[in-house]
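Peer 1: Quick one: this structure, given as structure tokens, is what I'll be asking you about.
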Amino acid sequence: MREMELFHRAAAALRPRLAPTVRSYARYPSIDDIPAADVEAVQRFRAKFSRDDIPYKQFTVTFHRSGGAGGQNVNKVSTKVLMRFSLAEQGWIPNYVRQRMQELESSRINSRGEYQVSSEKTRSQRHNIDDCLDKLWQHIERASELPKAPSAETAQRVEQLKKAEKARNMEHKKRHSQRKADRRRKGGFDD
């Protein structure tokens with residue numbers, strides 16, 4: 001009996017503990033969490049910002065050989081475009097948008113803090129530069145989206161989901177507790 005008890009304790013210690021699940025509705029992003037000055041700056045920025053406003057001449061643009069199909073020409077011409085710029089130094093992008101870009105596109109930031117966009121879509125340097133600017137514009141647009149205040153229906157639905165989840169968790173705990181209590185009454189696993 002003692003050996004089995006030790007075995008089950010050791011097995012329980014090795015079993016991975018599941019972290020409590022955090023539902024996506026548990027913390028609904030709100031515009032109230034953002035300082036008013038940042039909200040105002042982002043709204044002004046979004047109102048006047050267009051793709052043509054990107055000062056790409058300040059960026060570092062390098063050309064590399066593209067991969068993929070293209071015959072002999074692909075080995076001779078460097079058409080892949082890598083556009084880099086220091087995100088922290090770009091004063092034309094509001095602070096909130098820069099922070100969101102760092103959160104959303106963290107894989108695009110290298111060890112020196114430079115934001116990188118690349119394109120090898122076409123076999124033309126000019127078209128690939130345009131593609132990089134399109135990608136950058138889309139990233140900035142996505143990062144500058146402010147969270148919308150939830151509607152009354154959405155808030156009510158979130159509350160219902162929270163209550164239902166809490167009830168499910170309590171029911172699960174009660175069943176688990178009862179199962180353990182039943183084991184204690186029977187005298188263990190060997191009975």
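Peer 1: Quick check: at a probe of 1.4 Å, how many percent of the accessible area of the stretch 89-158 sits on carbon and sulfur atoms?
Peer 2: Percent of accessible area from carbon and sulfur atoms in the stretch 89-158: 44.
Peer 1: Among the lysines, select those whose C-alpha is under 24 Å from the C-alpha of Lys162, and discard any that sit fewer than 8 residues away in the same chain.
Peer 2: Cα-Cα hits under 24 Å: Lys148, Lys173, Lys174.
Peer 1: So between Lys180 and Val77, what do we pick up on full extension, going 0.36 nm a residue minus the alpha carbon distance?
Peer 2: The span from Lys180 to Val77 would gain 30.0 nm if fully extended.
Peer 1: If you count only protein heavy atoms with a 1.4 Å probe, what accessible area per residue comes out for the stretch 121-191, rounded to a whole Å²?
Peer 2: Accessible area per residue: 78 Å².
Peer 1: Right, another one. If r is the Cβ-Cβ distance from Ala37 to Glu159 and R0 is 41 Å, what FRET efficiency results, to the nearest 0.05? Walk me through the intermediate numbers first.
Peer 2: Numbers: r = 31 Å, r/R0 = 0.76.
In this case the efficiency is close to 0.85.
Peer 1: Kindly state, to the nearest 0.05, the FRET efficiency for Ser151 paired with Asp53, given R0 = 25 Å and r defined as their beta-carbon distance. All intermediate terms of the calculation are to be shown ahead of the outcome.
Peer 2: Values: r = 33 Å, r/R0 = 1.32.
The value I calculate is 0.15.
Peer 1: Sort largest first and round to whole Å: the equivalent ellipsoid semi-axes of the stretch 100-191, each the square root of five times a Cα gyration tensor eigenvalue.
Peer 2: Working: eigenvalues 589, 105, 26 Å².
Semi-axis lengths for the stretch 100-191 are 54, 23, 11 Å.
Peer 1: Evaluate Rg over Rh across the stretch 39-159, taking Cα atoms for both radii and Kirkwood's formula for Rh.
Peer 2: Rg/Rh: 1.10.
The values are calculated or read from the model by the stated rules, or taken from the named source; none is laboratory data. All of these numbers come straight from a predicted model, not from anything done at the bench. Ideal geometry is used to build each Cβ from the backbone, glycine not excepted, and the neighbour counts take in all protein chains shown. Note: accessible area is taken over every heavy atom of the protein model, side chains too, but ligands, DNA and RNA are not part of it. Shrake-Rupley method; radii C 1.70, N 1.55, O 1.52, S 1.80 Å.
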